[in-house]
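**Student:** Just dropping this structure here.
The values are calculated or read from the model by the stated rules, or taken from the named source; none is laboratory data. Just so it is clear, the model here is predicted, and its values are computed rather than measured. Cβ placement follows ideal geometry from the backbone for every residue including glycine, while neighbour counts extend to all protein chains displayed. Surface accessibility is based on the protein's heavy atoms, side chains included, excluding ligands, DNA and RNA. Shrake-Rupley method; radii C 1.70, N 1.55, O 1.52, S 1.80 Å.
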Amino acid sequence: MFQFRKPRNELELILRNGNKRTPSIPDEMFTYCPSCKKAILTDELADNANICSHCGYHFYINARMRIHLTVDKDSFTELDSEMQSINVIGFPGYEMKLQSAKLASSENEAVITGICTIAGVRCAIFVMEGKFMMGSMGTVVGEKITRLFETATEQKLPVVGFTVSGGARMQEGILSLMQMAKTNGAVSRHGKSRLLYIAVLTNPTTGGVTASFAMAGDIILSEPDALICFAGPRVIAQTTSQKLPSGFQKAEFLLQKGFIDAIVRRDELRNVIGKLLMMHS
Amino acid sequence: MKAIEYVYAARAKGRCTSLDFISNIFTDFIELHGDRRFADDKAIVGGLARFGNMTVTVIGIEKGQDTRSRIDRNFGSAHPEGYRKALRLMKQAEKFRRPVICFVDTSGAYCGIGAEERGQGQAISENIMEMMDLKTPIISILIGEGGSGGALALAVANEVWMLEKAVYSVISPEGCASILYKDPKMAEKAAEDLKLTSDDMLKFGVVDKIISESPRNITFHIIRNELSSALRRLCALSGEELAEQRYKRYRVLGSHGTV
Ligand SMILES: [Zn+2]
């Protein structure tokens, strides 16, 4: 299973480090911040939306926790929760990968979709799950997101979407690439109905997801320090042998280059999203 | 032929590039340059041409035909400004109600510092979204390598055709092999596993037609014939109908199960 392998690249490292404790510490009372290296009480970290209380580093959080932090209490109704991937192109070993992804994430696929209220405003929401095959997009991720936008268009609802993804899922071959067209088509129709789509990019958002619905929001927010890119930094370093500028492809870099609207701390997100929804309702 | 042999054929030097197709299928090609925002990307050529008595917009990813022009064209790997130029020309085609014909041949969108800082992901996303809704016919022809998002950014169309030995894939077989099998030498197996040939694409419904690869003049002739009947068919539809047909075309791709 993928937890026991050496991380194959920086994206997997980010996704795997999550809120996992340093293995050398037998006592799980403390978690060590990878950014400032200080110890944080593990319970305190969970109460603080997995943000380091010393330096503000945003630890990984799972999709269920994200929903809990974002939506009004008891307002979330999940859609298409039973949908699961099949081996669409007969890729060797894919069924096994799906099985271990389910165990690793406790989810059926790499995105959760549903209807909720945020600050009292009814909206459609999707949240990607990074622990499910690195949040990669295959047919089911594409289908669930497409259906959500179609439902939102029908019911005249805004969409709030949280992305975290290693990109298109290569085990579904060309059909994973086609999900970029499918989802963006649905986003486009939603937009043409003059409905709001807020994309919230979290660490890391890459590849085919960046090149489709992540970058298609009317308003694009990001958490601090999130890696947001099309091609990952390692690929670029390898193919061009250029030295990458510091902070390259981080949220702050994208803000400076004009590709995102604002960087919002996780503990402020609910508030900001609520206000944005109210301004459009 | 093995899958990897299709990959090599699609990449082979001496294979017809977009400019060959443009100059042999259309007449009076006038190239139009630049994205009006940053630069002119030579990896993508675009402009106006005549097809019979019709004016069309043609856009192609151009790999170059000799060492010098290959370097000049960045080996057919476009930057964001290339995709933005293509989109500008497509919006112009919509304005003047003329069809768009795209030729796709790229190992992928360029991976580099400049490409990232100018928003490669955003540029591709915007092309896909705008093409999905364009109120004029789009036909895309995969002529060589169809490399991932960089190819899709010119291949959201009412009809997608593919040359017999072209390939279309979410990742290169070498990339897939080095990630999954930790060994780029496993590319042959990866090419097989990824299902990237024209027959696979037809079976998945990703392409609508395979163009057989005969001597080049015959291939051009086949494409001219196919284009004239397809354009007659598509030009009979309204802008709304075209966008609807395109949406439905992609909407059905992929399948799933339930727990
Ligand atoms: Zn810290």
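**Student:** Scan the range A:201-223 residue by residue and report those that are within 7 Å of chain B (Cβ to nearest Cβ) and more than 11 Å from the chain's Cα centre (by Cα).
**Tutor:** The answer is A:G208, A:A211, A:S212, A:M215, A:A216.
**Student:** Of the residues A:I220, A:I260, which single one is of a type in the set (A, V, I, L, M), outside any loop (DSSP other than H, G, I, E, B) and closer than 29 Å to A:L175 by Cα?
**Tutor:** Exactly one of A:I220, A:I260 is of a type in the set (A, V, I, L, M), outside any loop (DSSP other than H, G, I, E, B) and closer than 29 Å to A:L175 by Cα, namely A:I220.
**Student:** Open to solvent by less than 30 Å² (accessible area, probe 1.4 Å), more than 14 Å from chain A (Cβ to nearest Cβ) and not acidic (D, E), is that true of B:I138?
**Tutor:** When the stated conditions are applied, B:I138 does not pass them.
**Student:** If A:I40 passes every condition in (1) closer than 22 Å to A:R265 by Cα; (2) surrounded by 21 or more Cβ atoms within 10 Å (Cβ to Cβ); (3) away from the ligand (no atom under 16 Å from the Cβ) but one, which one does it miss?
**Tutor:** The number of the failed condition is (3).
**Student:** In the range B:157-213, which residue that is among the polar types (S, T, N, Q) and within 19 Å of the chain's Cα centre (by Cα) is surrounded by the most Cβ atoms within 10 Å (Cβ to Cβ)?
**Tutor:** Going residue by residue through the range B:157-213, those that are among the polar types (S, T, N, Q) are B:158, B:169, B:172, B:178, B:197-198, B:212.
Checking which are within 19 Å of the chain's Cα centre (by Cα) leaves us with B:158, B:169, B:172, B:197-198, B:212.
Working: B:N158: 23, B:S169: 30, B:S172: 23, B:T197: 26, B:S198: 26, B:S212: 11.
Only one residue fits best here, namely B:S169.
The rows are residues; the columns are (1) in contact with a Pro (Cβ under 9 Å, 6 or more places away or on another chain); (2) under 22 Å from A:E172 (Cβ atoms); (3) assigned to a helix (DSSP H, G or I).
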| site | (1), (2), (3) |
| --- | --- |
| B:I171 | no, yes, no |
| B:E174 | yes, yes, yes |
| B:K182 | no, yes, no |
| B:E188 | yes, yes, yes |
| B:A191 | yes, yes, yes |
| B:L196 | yes, yes, no |
| B:I222 | no, no, yes |
| B:E226 | no, no, yes |
| B:L231 | yes, no, yes |
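**Student:** Based on what the data block shows, is A:R21 at pLDDT 95 or above and either open to solvent by 40 Å² or more (accessible area, probe 1.4 Å) or within 16 Å of the ligand (Cβ to nearest atom) (or both)?
**Tutor:** Details: at pLDDT 95 or above: no; either open to solvent by 40 Å² or more (accessible area, probe 1.4 Å) or within 16 Å of the ligand (Cβ to nearest atom) (or both): yes.
No: the conditions fail for A:R21.
**Student:** Still on this structure, please answer the following. Filter the range A:80-123 down to the residues that are in contact (Cβ under 8 Å) with a residue 40 or more places away in the chain and charged (D, E, K, R) and list them by number.
**Tutor:** A:D80, A:K97, A:E107
**Student:** Residue by residue through the range A:179-215, note down the ones that are surrounded by fewer than 23 Cβ atoms within 10 Å (Cβ to Cβ) and in a helix (DSSP H, G or I).
**Tutor:** A:S188, A:R189, A:G191, A:K192, listed by residue number.
**Student:** Regarding the range B:114-121, can at least one residue be identified that is open to solvent by 10 Å² or more (accessible area, probe 1.4 Å) and in a loop (DSSP other than H, G, I, E, B)?
**Tutor:** Yes: one or more hits.
**Student:** Please go through (1) open to solvent by 10 Å² or more (accessible area, probe 1.4 Å); (2) in contact with a Lys or Arg (Cβ under 9 Å, 6 or more places away or on another chain); (3) assigned to a loop (DSSP other than H, G, I, E, B) for A:V88 and return the number of the only condition it doesn't satisfy.
**Tutor:** (2)
**Student:** Against the condition more than 19 Å from A:L175 (Cβ to Cβ), more than 12 Å from every other protein chain (Cβ to nearest Cβ) and at pLDDT below 95, how does B:K165 come out, does it pass?
**Tutor:** no
**Student:** Could you count how many residues in the range A:71-100 are within 21 Å of the chain's Cα centre (by Cα) and facing another protein chain (nearest Cβ under 10 Å)?
**Tutor:** Residues that pass the stated criteria total 7.
For (1) part of a helix (DSSP H, G or I); (2) open to solvent by 50 Å² or more (accessible area, probe 1.4 Å); (3) within 16 Å of the ligand (Cβ to nearest atom), each residue gets a yes or a no:
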{"position": "A:D72", "(1), (2), (3)": "no, no, no"}
{"position": "A:S81", "(1), (2), (3)": "no, no, no"}
{"position": "A:P92", "(1), (2), (3)": "no, yes, no"}
{"position": "A:L98", "(1), (2), (3)": "yes, no, no"}
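**Student:** Can you tell which of B:S125, B:S107 is over 21 Å from B:S238 (Cα atoms), open to solvent by 20 Å² or more (accessible area, probe 1.4 Å), within 14 Å of another protein chain (Cβ to nearest Cβ) and in contact with a Ser or Thr (Cβ under 7 Å, 6 or more places away or on another chain)?
**Tutor:** Just one listed residue meets the conditions, B:S107.
**Student:** If a residue must be surrounded by fewer than 21 Cβ atoms within 10 Å (Cβ to Cβ) and either of a type in the set (A, V, I, L, M) or closer than 10 Å to A:A152 by Cβ (or both), how many such residues does the range A:109-120 contain?
**Tutor:** 2
**Student:** Okay, moving on. Could you go through the range A:258-271 and let me know if any residue there is facing chain B (nearest Cβ under 9 Å) and either in contact with a Phe, Trp or Tyr (Cβ under 7 Å, 6 or more places away or on another chain) or not acidic (D, E) (or both). It would help to see each step written out before you state the result.
**Tutor:** Keep residues of the range A:258-271 that are facing chain B (nearest Cβ under 9 Å), which gives A:258-259.
Keeping just the survivors that are either in contact with a Phe, Trp or Tyr (Cβ under 7 Å, 6 or more places away or on another chain) or not acidic (D, E) (or both) gives A:258-259.
Within the range A:258-271 (the criterion being facing chain B (nearest Cβ under 9 Å) and either in contact with a Phe, Trp or Tyr (Cβ under 7 Å, 6 or more places away or on another chain) or not acidic (D, E) (or both)), the answer is yes, since at least one residue qualifies.
**Student:** Still on this structure: So which of A:E154, A:E223, A:E143 ends up being open to solvent by 10 Å² or more (accessible area, probe 1.4 Å), of a type in the set (D, E) and touching a His at 6+ places or on another chain (Cβ under 9 Å)?
**Tutor:** A:E143
**Student:** Restricting to the range B:1-49, and then to whatever is β-branched (V, I, T) and assigned to a helix (DSSP H, G or I), can you tell me which residue is surrounded by the most Cβ atoms within 10 Å (Cβ to Cβ)?
**Tutor:** Here the residue is B:V7.
**Student:** I want to confirm something. Restricting to the range A:46-70 and keeping residues that are buried (at least 19 other Cβ atoms within 10 Å of the Cβ) and near the ligand (Cβ under 10 Å from one of its atoms), which single residue is nearest to the other protein chains (Cβ to nearest Cβ)?
**Tutor:** Looking at the filtered set, the residue picked out is A:H58.
**Student:** May I pose another question? Scan the range A:153-200 residue by residue and report those that are within 16 Å of A:S136 (Cβ to Cβ), more than 10 Å from every other protein chain (Cβ to nearest Cβ) and not small (G, A, S).
**Tutor:** A:F162, A:T163, A:V164
**Student:** Here is a follow-up. Could we say that A:D218 is surrounded by fewer than 23 Cβ atoms within 10 Å (Cβ to Cβ) and touching a His at 6+ places or on another chain (Cβ under 8 Å) here?
**Tutor:** So A:D218 fails the test.
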